[in-house]
Amino acid sequence: MRYLLFVFTLSVYGFGLTQTYYLTGRPFTFERNNAIKEVGSAWGITVIYAGSDVVEQLGLDSINNENQQLDSLIALRRGKEWLGSFYKQVDSTEAIFGRIRKHIYTENIQAMGPPKKDAPFEEQKIILHQQKRRTYQASIVAISNNQTATCIATYLIKWNRSKKMKLQSQCAVPYQFPENGIIIK
């Protein structure tokens, strides 16, 4: 009996570590993807886009089966309409992240400065990650013409009335977004 209980506990724990939800269809914007991944990690779900590489590796049928299994498991904990409440929380997280990004863009920080002469075009994106209740990590990433992304700076932001930003010594990216062939190096 103990052995059976141990195996059951171990299997539930192992399944809990690998809860992956695959999003199919057209990808969202970079900012929305950031909010989806953040809410997914808060819910204990790894959210991955099922691009052509993932579909070739796993197969579309196995992706659908895994999504159905995860859907039934989450429905037990959060109700049948869990996906609606998930995206409602994504909307509120995206709104908060939008205000934080606007604050970063309006601050005069060196990492968000104008492009240098004779340098390839770089688009700058901000990846946000909530660490505590009102503490966020903002990683500024530059995406160049050759579809590679480089982490420029990481800030720790206390999001209260003072809105303090502190430059971190190491540049860290909390998530990877395989968006349009962009590779983070």
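Bear in mind these aren't lab numbers, they're just calculated from the coordinates by the rules spelled out. This is a predicted model, so every value here is computed, not measured. Don't worry about glycine lacking a Cβ; one is built from the backbone with ideal geometry, like all the others, and counts go over all protein chains shown.
Worth a mention:
- The packing ranking, built from the mean of other Cβ atoms within 10 Å per residue, places the peptides 61-71, 130-140 in the order 130-140, 61-71, highest first.
- Once the chain from Ala95 to Gln124 is taken as fully extended at 0.36 nm per residue, the excess over their C-alpha distance is 8.5 nm.
- Checked against a 22 Å cut-off, the cross-linked pairs Lys88/Lys163; Lys88/Lys125; Lys37/Lys166; Lys125/Lys164; Lys132/Lys166; Lys102/Lys166 give Cα-Cα distances beyond that limit for Lys88/Lys163; Lys88/Lys125; Lys37/Lys166.
- Inter-label distance, nm, simple model (7 Å from Cα along the C-beta direction), Thr20/Lys88: 3.0
- Residues whose placed amide H lies under 5 Å from that of Gln19, excluding near-sequence neighbours: Thr46
- With a Förster radius of 22 Å applied to the C-beta separation of Thr148 and Asp53, the computed FRET efficiency comes to 0.80.
- Amide H contacts under 5 Å for Thr148: Ile183, restricted to partners 5 or more places along the chain or on a different chain, H placed in the peptide plane at 1.01 Å from N.
- Relative exposure of Arg161, Arg101, Arg78, judged by other C-beta atoms within 10 Å (fewest first): Arg161, Arg78, Arg101
- Rounded if a/c under 1.5, otherwise prolate or oblate - the range 49-90, Cα gyration tensor axes: oblate
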